[in-house]
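A.B. asks: One structure is given below, represented as structure tokens, and several questions about it will come after.
The values are calculated or read from the model by the stated rules, or taken from the named source; none is laboratory data. Note that this is a predicted model, so its numbers are computed, not measured. Positions of Cβ are generated from backbone atoms using ideal geometry, with glycine treated the same way; all protein chains shown enter the neighbour counts. What goes into the accessible areas is simple: the full protein's heavy atoms, side chains included, and nothing from ligands, DNA or RNA. Shrake-Rupley method; radii C 1.70, N 1.55, O 1.52, S 1.80 Å.
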Amino acid sequence: MQMSDEEIQDVYVRIQTDLLVVGDSIITDRHHSSNGNYDDDDPQNQIGGVIPAFSLSGWLRHGMEKVVQEYGTTACHPGEANANFRKDGVYNRDLESGYHPKGNCLEDDSGNGCVILDLFGGFGNRPGKVMRRPIQFSPVRSSVDYTRGEAEGHYRRLNRNIVSRNEEDNREPLRNTGLDAVANLDGAWHLSFREAQPEFIALLAEAIDYLDAHNTDFMHQLGGARNFGGGIVDCELVNPLYDETELRRVFSRGRSSTDAMDEKDDEWADEYRPEFESALESRIEG
Ligand SMILES: [Zn+2]
């Protein structure tokens, strides 16, 4: 069997989190559903929205950088070498702790650069080979299509009081700020590879395992509000061998996997993944 020839271009990562805050960049459809009666902290709100890919992408990239570094090599620095870093020492410190300057790897033989640059692109307008999509979420479970990279989740408006730090003010509230958040998220993040390469899938699988195992580390939480326990994400690569019906079944509560799914799990773990991982190893070790 020529497993490497199997074209795996579309994969799904299951993402579950109690609370996710991605700054003010959650896009909601509240104006469509509110019908003029919208009250933004009513827990009965039936409001969905979109989690932009930007935070998800940064979170995944950081996990992938860790995996590459654990192979004993360096990862592409995410920032431009000539960027104006706010703290002079930061960039050089990064270069001493597991990074090479972005794009330096392009001087290698292949011209594709290291695997991180190849996937994320961005140097001299190179497109990345993994397409990270936003996640559309909805509180109405029956309308969630996991095969389209959607999730069940509730929009929440969190309110925080900013209080005065002057002692004589006795912590008087100065103003109230709101944060857009998604609560009880469970869904599928859809990633597409522009080129099917076994090392890409292996790196994704290892990074997702890493992020799941380190999900309470501050550095590996997702989005903002991490000091308040937001962004602790349970994540898992859905077996890329599953068909669409099996993918949906992963998310249906109370339904266990089928025998066919169990067989695919064995096939994935015993045959595909080890072969993909050795492709990753040879790519990383050159
Ligand atoms: Zn690189």
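A.B. asks: Could I have the simple spin-label model distance between Asp265 and Glu285, label points 7 Å from Cα toward Cβ, reported in nm to one decimal?
C.D. replies: For Asp265 paired with Glu285, the spin-label model returns 3.1 nm.
A.B. asks: Name the cysteines of the chain that stand alone by the Cβ rule: no other cysteine Cβ under 4.7 angstrom.
C.D. replies: Cys76, Cys235
A.B. asks: Then there's this: More than 20 Å apart: what percent of Cα pairs in region 129-208 qualify? Spell out each step's value before the answer.
C.D. replies: Numbers: 1820 of 3160 pairs.
Here the tail beyond 20 Å accounts for 58 percent of pairs.
A.B. asks: Could you tell me which of rounded, prolate or oblate describes region 221-279, using a ≥ b ≥ c as the square roots of the eigenvalues of the alpha-carbon gyration tensor, with rounded for a/c under 1.5 and, failing that, prolate when a/b is larger than b/c and oblate otherwise? Display every interim value, and only then the final one.
C.D. replies: Values: a/c = 3.45, a/b = 1.50, b/c = 2.30.
Oblate.
A.B. asks: Oh, and also: At 1.4 Å probe size, put His190, His214 in order of accessible surface, largest to smallest.
C.D. replies: Listed by decreasing accessible area, they come as His214, His190.
A.B. asks: Once neighbouring chains are kept in place and the probe is 1.4 Å, which whole percent of the accessible area of the chain is contributed by carbon and sulfur? The partial results should precede the final answer.
C.D. replies: Numbers: 6520 of 15370 Å².
Accessible surface attributable to carbon and sulfur in the chain totals 42 percent.
A.B. asks: In square nanometres, what is the average projected area of the Cα convex hull of region 96-170?
C.D. replies: 11.4 nm²
A.B. asks: Using Cα centres only, tell me the gap between region 135-190 and region 197-245 in whole Å.
C.D. replies: 20 Å
A.B. asks: Can I ask one more? Label points 7 Å out from Cα along the Cβ direction at Gln69 and Leu95: separation in nm?
C.D. replies: So the label points at Gln69 and Leu95 sit 1.7 nm apart.
A.B. asks: Tell me the mean residue ellipticity at 222 nm calculated for the chain from its helices only (DSSP H runs of n ≥ 4, each -39500 (n - 2.57), averaged over every residue, nearest 500).
C.D. replies: So the helix-based figure for the chain works out to -8500 deg cm²/dmol.
A.B. asks: If you don't mind, another one. Restricting everything to alpha-carbon atoms, can you work out Rg to Rh for region 79-232 with a Kirkwood hydrodynamic radius?
C.D. replies: 1.06
A.B. asks: Another question about this same structure. Would you mind telling me the antiparallel percentage of the DSSP bridges in the chain, rounded to 5?
C.D. replies: If I count the DSSP bridges inside the chain, around 90 percent turn out antiparallel.
A.B. asks: According to the Cα gyration tensor, what semi-axes, each the square root of 5 times an eigenvalue, does the equivalent ellipsoid of the chain have, listed from largest to smallest in whole Å?
C.D. replies: The three semi-axes for the chain are 35, 28, 15 Å.
A.B. asks: Let me ask something additional. Restricting things to alpha carbons, tell me how big region 158-286 is in terms of Rg and Dmax, in Å.
C.D. replies: Over region 158-286's Cα set, Rg and Dmax evaluate to 21.3, 68 Å.
A.B. asks: Hey, another quick one. Starting from the Cα-Cα distance between Arg248 and Arg165, subtract it from 0.36 nm times their residue separation and give me the gain in nm to one decimal.
C.D. replies: Extending this stretch completely gives an extra 24.8 nm.
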